[in-house]
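This report refers to the structure that appears directly beneath it.
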Amino acid sequence: MAYNFKEIEKKWQEKWYSEGTFNAKNDYSMKKWYGLIEFPYPSGQGLHVGHPRSYTALDVIARKRRMQGYNVLFPIGFDAFGLPAENYAIKNHIHPKITTEKNINHFRAQLKSLGFSFDWSREVNTTDPDYYKWTQWIFIQLYKHGLAYKATMPINFCTGCKVGLANEEVVNGVCERCGSPVVQKEKSQWMLKITEYAQRLIDDLDDVDYLDKIKAQQRNWIGRSEGAEVTFKIADSDETLTVYTTRPDTLFGATYMVVAPEHHIIEKLSSKITNMDEVEEYKRKTSLKSDFERSELNKEKTGCEVKGIKAINPLTGKEIPIWISDYVLITYGTGAIMAVPAHDTRDHEFATKFNLPIVQVIKANSDDIACDVQKEAFTDVETGVLINSGFLNDLSVKDAKKKVIEYLEENHIGKKQVNYKLRDWVFSRQRYWGEPIPMVHCDKCGWVPIPEDELPLKLPDIKDYEPGENGESPLAKHTEWVNTTCPHCGGKATRETDTMPQWAGSSWYYLRYMDPHNDKALASKEALEYWSPVDWYNGGMEHTTLHLLYSRFWHKFLYDIGVVPTKEPYQKRTSHGMILGSNGEKMSKSKGNVVNPDEVVDEFGADSFRVYEMFMGPFDQTAPWSMESIRGCSKFLDRVWNLQTMLVDGDEYSPKFEKMMHRAIKKVSSDIEEMKFNTCISTFMTMVNEFYKEKTINKAEFKTFIQLLNPFAPHITEELNKSVLGEKEDLAYQKWPEYDEAKTISDEITLPIQFNGKLKGTVQIALDEDEASVKQKVHEAIDQKLEGKTVVKEIYVKNKIYNIVVK
RNA sequence: GCAGAUGUGGCGGAAUUGGUAGACGCACAGGACUUAAAAUCCUGCGAGGGUUAAACCUCGUGCCGGUUCGAUUCCGGCCAUCUGCACCA
């Protein structure tokens, strides 16, 4: 007898969502739990089967928390600004607002069909002016506190379409749409000073419960390094060139310098440079490459000597040549390096190619370690000792670093410097479908934020979303919107026409959920105090270095200005693995391996879908989709449904199942906390197999079983609770089952016996049986196999194993 | 290239974190039920050898080496795959 999931699931969903069963309560005296999933971008393709993996996982936890008596906030919303909607609009001439609304309606219906316990009364949408009013408000606060500034930054510029492109739209250096070459074009952009928070973003990781791999990736991305800045004089000039190095100890070995092709020194000294044509040509070639291509190590090094100018090594006093090369990035450090080919792999490669001198200044402290620096750079920091380095000779690398920095500081030619790989956040987009940046430019007053009581600055309703000429935003064409008056002096002024990146809205959405309809503040003080921080945030590993870091940055800023009560937004962060197509590749239309969740729900039901996604593999690892395997989960739920045919009376667990029941409660309770959902499901399956084997289950066992299963398969279990057990109260808020530790422990143990670590037999012993007695039993069981062997040693690990070392 | 992860039967995976490798599921095979099929229920299922059947023996967790009474688990070195790299979200 199969259960009618179509009817049953629909019935419960209608009840839940019309009654608001799962809405958070406004009773701030209750203990709270705030669970968060990354709100989706409502794409035209609809929900991906990957979305429900994360949502089901946190839904399971949220449902368990309600049963544990928490006031649960488990909200949902839509991150709806973005490129795809805009590109669709350009192609099909449908306003992004319309497609976005349509897509959200589709997503909402899909999400409801899966029975997630979201609080739909708090739904947010980043494109709603009532929402982005506060995104703009935060930007203005950032500006007022000096954390938003204008800088000239390169954008990808398509030489064919004459428009700015996102990185994603650049494929192998050409425009995705027209195939024309893409170049880097300088443009004045809004930047956010995330680097000001770099140290705190590292330090405060100690106070949060993130997976270690997430912390590691954030730390590496921020990339703190300690070193020195050293200033090199340019011969016959007042100009200087400052470099950043993590190896100031090798300064005596600096035989040339390399600057990024964009470095300002080139312009400043252009009159002295004798091969400007060559330099310009190299710069032009570089502008075709991304930073990513430029930093690839295995590619052949390229470069060009800047002739006519020389730098002076401040320690040796020698003149050294200056080169430009694209492996030096303008965005890191000072955009210039001192090259020590003897002790840096990249410098060595470069020096070898262009025949530059290699001077050894460090040797190994042991003759056993080979180091022919003409052949290969010697980079070992631990075993190195300084040579050919004047006052640094015979020091270890560590001591030499210290001493040379002291020297540099005393002589005002350098200083100790901490550097971060993290760069400031380019916050401007030359696009239509984003939050307008609420700034006005006045010739007299400069940049002026619009008054806060005029927020939101609404995105004008335009029809031509085509990017403007020369990489301008589409908004730039709408002069009636652009031209305005200066809020400061009342004179003529123009609006900023760039919009914000999609990251803006998602950097603070978790705050809005706490009080989504507030029109006086982004959320009330009381709501922020009660709900902060998010207790558990789950999302993809791919968001670790961008979204997660950006939102931590914004949160810390809001903390600094007294808006939020906690230093960190998220107390705990976990991640889910991607779901791949059945061929083990990423799902994509072109590969034809996309699974539509609607079809799966239609064929197997929401509960089967949810159980399968939890069962398919370890939660934080990628897993391929399998239509065959989901059938197994659907079969499992049929077997659960049919347990009712073997149901007997009983208020307590029967002796034959008692241990299994207590163990199951213990295991499922802790596995959910550890996100080991796959082993929860296998526990349920094993239990059902046991009930089938005995062809009986009593009411007490049945009740506990459906309670444990409820967070995973809420519809079928609520139905069984009502129709079979006749309960009036839904499972959703019933108390989570408890177990008795004493009843999970066996008093008898099957003890494995090994010879040299290999299993040779087993023996039954009592729990904590004394060793002499165990030894006797083991030898009774195994002695015949010991014939002809010499016992060297016997090892007994209490209640675990008995190993006999034999010869 | 840099950074983070992963590698166990035909397949997805489990293993109390150093202690019986392969739980649970899929696929497959056999049986029961049925006129029959589907569904359902029951049984078997790492490889090789061995036995009428068992017992039993050997090998086996990407590869090479190490530590240990004992290694999927710890250490060193390789190889392969996946994810991110700042304007996709």
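The values are calculated or read from the model by the stated rules, or taken from the named source; none is laboratory data. Quantities reported herein were computed from a predicted structural model and do not represent experimental measurements. Note that each Cβ is placed from the backbone with ideal geometry, even for glycine, and that neighbours are counted across all protein chains shown.
Let's see how each residue does on (1) aliphatic (A, V, I, L, M); (2) in contact with a Ser or Thr (Cβ under 6 Å, 6 or more places away or on another chain); (3) farther than 15 Å from A:Trp134 by Cβ:
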| site | (1), (2), (3) |
| --- | --- |
| A:Leu528 | yes, no, no |
| A:Ser532 | no, yes, yes |
| A:Met541 | yes, yes, yes |
| A:Thr544 | no, no, yes |
| A:Leu548 | yes, no, yes |
| A:Asp560 | no, no, yes |
| A:Ser575 | no, no, yes |
In region A:433-445, what residues are in a loop (DSSP other than H, G, I, E, B) and more than 12 Å from RNA strand B (Cβ to nearest atom)? A:Ile437, A:Pro438, A:Asp443, A:Lys444, A:Cys445
Cβ-Cβ below 6 Å, separation at least six or inter-chain, first residue in region A:737-759 and touching a residue at least 60 places away in the same chain (Cβ under 8 Å) and among the aromatic types (Phe, Trp, Tyr), second within 15 Å of RNA strand B (Cβ to nearest atom) and not in a loop (DSSP other than H, G, I, E, B): which pairs? A:Tyr739/A:Lys666
Filter region A:77-96 down to residues that are away from RNA strand B (no atom under 16 Å from the Cβ) and touching a helix residue (DSSP H, G or I) at 6+ places or on another chain (Cβ under 9 Å) and give me whichever is farthest from A:Gln502 (Cα to Cα). A:Asn92
If you take the residues of region A:643-686 that are more than 17 Å from A:Ile61 (Cα to Cα), touching a strand residue (DSSP E or B) at 6+ places or on another chain (Cβ under 9 Å) and among the hydrophobic types (A, V, I, L, M, F, W, C), which of them is farthest from RNA strand B (Cβ to nearest atom)? A:Val648
Looking at (1) touching a residue at least 40 places away in the same chain (Cβ under 8 Å); (2) surrounded by 15 or more Cβ atoms within 10 Å (Cβ to Cβ); (3) in a strand (DSSP E or B), find the lone condition where A:Leu408 falls short. (3)
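Where residues in region A:621-636 are out of contact with any Phe, Trp or Tyr (no Cβ under 7 Å at 6 or more places or on another chain) and aliphatic (A, V, I, L, M), which of them is nearest to RNA strand B (Cβ to nearest atom)? First the steps, then the outcome.
Initially, region A:621-636 is screened for residues out of contact with any Phe, Trp or Tyr (no Cβ under 7 Å at 6 or more places or on another chain), giving A:621-628, A:631-632, A:635-636.
Those still in the list that are aliphatic (A, V, I, L, M) too: A:623, A:627.
Working: A:Ala623: 5, A:Met627: 9 Å.
Across region A:621-636, the extreme among qualifying residues is A:Ala623.
Any chance region A:101-113 includes a residue that's more than 28 Å from the chain's Cα centre (by Cα) and within 30 Å of A:Leu643 (Cα to Cα)? Walk me through it before giving the result.
Residues of region A:101-113 that are more than 28 Å from the chain's Cα centre (by Cα), as a first pass: A:102.
Okay, now just the ones that are also within 30 Å of A:Leu643 (Cα to Cα), so none.
Checked region A:101-113: no residue is more than 28 Å from the chain's Cα centre (by Cα) and within 30 Å of A:Leu643 (Cα to Cα).
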Could you list all residues from region A:598-611 that are in contact with a Gly (Cβ under 8 Å, 6 or more places away or on another chain) and either of a type outside the set (D, E, K, R) or within 14 Å of RNA strand B (Cβ to nearest atom) (or both)? A:Ala606
Evaluate region A:200-210: report whether one residue or more is away from RNA strand B (no atom under 13 Å from the Cβ), surrounded by fewer than 17 Cβ atoms within 10 Å (Cβ to Cβ) and under 17 Å from A:Thr545 (Cβ atoms). yes
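Yes or no, residue by residue, for (1) surrounded by fewer than 12 Cβ atoms within 10 Å (Cβ to Cβ); (2) among the small types (Gly, Ala, Ser):
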| residue | (1), (2) |
| --- | --- |
| A:Leu356 | no, no |
| A:Val359 | no, no |
| A:Asp372 | yes, no |
| A:Gly384 | no, yes |
| A:Asp394 | yes, no |
| A:Asp399 | no, no |
| A:Val404 | no, no |
| A:Ile413 | no, no |
| A:Lys421 | no, no |
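To keep it simple, each residue is scored yes or no on (1) at pLDDT 95 or above; (2) more than 20 Å from the chain's Cα centre (by Cα); (3) more than 25 Å from A:Tyr28 (Cα to Cα).
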residue: A:His517; (1), (2), (3): yes, yes, no
residue: A:Pro533; (1), (2), (3): yes, no, no
residue: A:Met541; (1), (2), (3): no, no, yes
residue: A:Ile561; (1), (2), (3): yes, yes, no
residue: A:Glu568; (1), (2), (3): yes, no, no
residue: A:Lys572; (1), (2), (3): yes, no, no
residue: A:Ser588; (1), (2), (3): no, yes, yes
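Just to check your reading of the model, which residue among A:Val611, A:Val564 is in a loop (DSSP other than H, G, I, E, B), touching a helix residue (DSSP H, G or I) at 6+ places or on another chain (Cβ under 7 Å) and hydrophobic (A, V, I, L, M, F, W, C)?
Values: A:Val611 fails: in a loop (DSSP other than H, G, I, E, B).
Answer to the check: A:Val564.
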Kindly indicate the residue of region A:305-352 that is within 16 Å of RNA strand B (Cβ to nearest atom) and of a type in the set (D, E, K, R) and also farthest from A:Tyr244 (Cα to Cα) among those meeting that condition. A:Glu349
Which numbered condition trips up A:Val797, out of (1) over 30 Å from A:Trp641 (Cα atoms); (2) within 13 Å of RNA strand B (Cβ to nearest atom); (3) without any contact (Cβ under 8 Å) to a residue 40 or more places away in the chain; (4) more than 43 Å from the chain's Cα centre (by Cα)? (4)
Can you find even one residue in region A:180-203 that is basic (Lys, Arg) and under 30 Å from A:Phe378 (Cα atoms)? no
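Out of A:Gly414, A:Gly471, A:Gly434, report the one residue that is in contact with a helix residue (DSSP H, G or I) (Cβ under 6 Å, 6 or more places away or on another chain) and touching a residue at least 12 places away in the same chain (Cβ under 8 Å). Walk me through it before giving the result.
Working: A:Gly471 fails: in contact with a helix residue (DSSP H, G or I) (Cβ under 6 Å, 6 or more places away or on another chain); A:Gly434 fails: in contact with a helix residue (DSSP H, G or I) (Cβ under 6 Å, 6 or more places away or on another chain).
Result of the check over A:Gly414, A:Gly471, A:Gly434: A:Gly414.
Got a sec? Which of A:Asp249, A:Asp236 is modelled with pLDDT under 90 and farther than 30 Å from A:Thr566 by Cα? Please lay out each step first, then the result.
On the way: A:Asp249 fails: modelled with pLDDT under 90.
The unique qualifying residue is A:Asp236.
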Expected output for region A:619-634 (first residue of a type in the set (A, V, I, L, M), partner near RNA strand B (Cβ under 6 Å from one of its atoms) and modelled with pLDDT of 90 or more, Cβ below 6 Å, 6+ apart or cross-chain) is A:Ala623/A:Met616; A:Ala623/A:Gly617
Only one of A:Lys703, A:Lys777 that is surrounded by 16 or more Cβ atoms within 10 Å (Cβ to Cβ), basic (Lys, Arg) and modelled with pLDDT of 95 or more: A:Lys703
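Considering only residues that are surrounded by fewer than 19 Cβ atoms within 10 Å (Cβ to Cβ), more than 14 Å from RNA strand B (Cβ to nearest atom) and assigned to a loop (DSSP other than H, G, I, E, B), which ones fall in region A:19-45?
A:Gly20, A:Thr21, A:Lys25, A:Asn26, A:Asp27, A:Tyr28, A:Ser29, A:Met30, A:Lys31
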Checked against (1) within 16 Å of RNA strand B (Cβ to nearest atom); (2) at pLDDT 95 or above; (3) assigned to a loop (DSSP other than H, G, I, E, B), A:Lys735 satisfies every condition except (1)
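Among A:Tyr244, A:Tyr197, which is the only one that is outside any helix (DSSP H, G or I), of a type in the set (Phe, Trp, Tyr) and within 16 Å of RNA strand B (Cβ to nearest atom)? Steps first, answer last, please.
Details: A:Tyr197 fails: outside any helix (DSSP H, G or I).
Just a single option satisfies the conditions, and that option is A:Tyr244.
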Subset of region A:489-528 [hydrophobic (A, V, I, L, M, F, W, C), part of a loop (DSSP other than H, G, I, E, B) and more than 16 Å from A:Glu435 (Cβ to Cβ)]: A:Cys489, A:Met514, A:Ala521, A:Ala523
Suppose the filter is under 30 Å from A:Glu86 (Cβ atoms) and not β-branched (Val, Ile, Thr); does A:Gly434 pass it? yes
Which of the residues spanning region A:741-779 are within 14 Å of RNA strand B (Cβ to nearest atom), of a type in the set (Lys, Arg) and out of contact with any Pro (no Cβ under 9 Å at 6 or more places or on another chain)? A:Lys758
